[in-house]
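No lab work stands behind these numbers, since they all come straight from the coordinates. In this text the structure is predicted, and so the values were computed from the model without any measurement. For neighbour counting, all protein chains shown are included, and Cβ atoms are generated from backbone atoms with ideal geometry for every residue, glycine included.
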Amino acid sequence: MRILLAVVSLILALGYCLPGQAALRPVEELYWLLPWDLTARNESALTDLLRDRSYNDAFQTYGVRVQPPTWGFDLPPGLAIGNRLQFSYPDGLLLTTPVVGTEGWETSCRAPRGREGGVYTPDRAMTQTQWLGQLADYRGPKVALVLAKLATLDPEPTRVAAYVQTFAQWCQDHGKTSYVWLSVQAFRRPGGEALLKAVVKASGALVDQWVWMDAPGMVYGTGETDLAGIMARITTITPPAQTVLQYARNVRTINNPQRAEEYMAAAQAAGINQFVVLGAPEDRTEDGWRDFYGGLSLVVMPPPCGALPGYG
């Protein structure tokens with residue numbers, strides 16, 4: 001019996017499909033990113049959600065976010081909430097942070113737009129060093145830098161690379177896994193793809209995981225490319241083993257579990273097997289989504305053993 005169990009475990013770890021198994025191979029990592037800020041207003045709902053194991057069984061990690069200080073967000077109280085939430089979710093939370101700085105291209109150097117909320121208060125600006133100094137109070141194991149929605153569409157690549165390097169080195173120094181969010185929307189701008197390649201090449205030896213967002217919009221939304229095409233462009237920039245794909249439930253893109261499965265299968269074919277789902281908790285309970293996530297096979301993987309230097 002022990003031999004049989006060992007063989008089955010090995011087959012699952014290698015990603016082969018057993019008879020009757022879904023087309024998807026076992027997923028290495030599955031994250032749920034909540035569109036909620038770490039504020040007193042959201043703390044009770046976050047605590048209840050993280051304690052509800054009926055939600056958490058399918059996801060190894062939950063993500064929460066903070067906002068720039070220039071948008072009226074006060075980081076120390078937010079981090080205190082995040083630290084309390086660690087007790088509700090023993091697997092550890094992923095904290096996402098925007099690009100904060102004073103050089104003019106960072107996210108914090110522009111006013112919030114639409115649903116981003118907040119009021120622009122430029123007198124609360126702080127440098128990256130000051131921001132990271134405050135982040136040092138966060139006790140969680142994972143921190144992500146969202147390299148998107150910048151104040152400038154074409155920032156100087158060397159400045160962006162230096163910023164990412166500083167962030168990733170800070171994560172190493174503080175014993176945290178580093179994630180950097182990238183957007184395929186950069187492919188639409190002249191020089192955007194070259195910028196991302198330069199950033200990844202310069203900082204790839206330090207960053208643990210690269211997360212790509214907005215890909216479903218280019219495939220299912222506008223039809224600019226197909227699944228194989230977008231996966232090929234992504235994997236020429238970041239190594240598949242260190243690549244995570246984000247998608248959100250959306251009426252124009254990932255609008256049903258079958259499409260989510262198609263998207264994930266295309267990623268697996270390209271060597272990508274980690275996924276982030278962006279959405280509110282109720283997105284998991286409607287139209288077959290609970291059954292879809294509950295039916296996914298998961299592989300427990302060891303933590304990343306380091307980035308591939310010079311990739312890109």
Exercise. Could you give the Stokes-Einstein D for region 22-294 in µm² per second, using the C-alpha Kirkwood radius, 25 °C, 0.890 mPa s?
Worked result: 128
Problem set entry | Crossing angle, helix 40-51 versus the chain [Cα axis fit, 0-90 degrees, rounded to tens] | 20
Seminar exercise, completed: Projected onto the charge dipole of region 22-294 (unit charges on the beta-carbon of Lys, Arg, Asp and Glu, signs +1, +1, -1, -1), the Cα from Pro157, Ala58, Pro76 with the largest positive-side position is that of Pro157
Seminar exercise, completed: By Cβ neighbour count within 10 Å, fewest first, Ile234, Ile254 rank Ile234, Ile254
Exercise. Counting Lys and Arg as +1 and Asp and Glu as -1, each charge on the Cβ, what is the dipole of the chain about the Cα centre in debye, to the nearest 20?
Worked result: 200
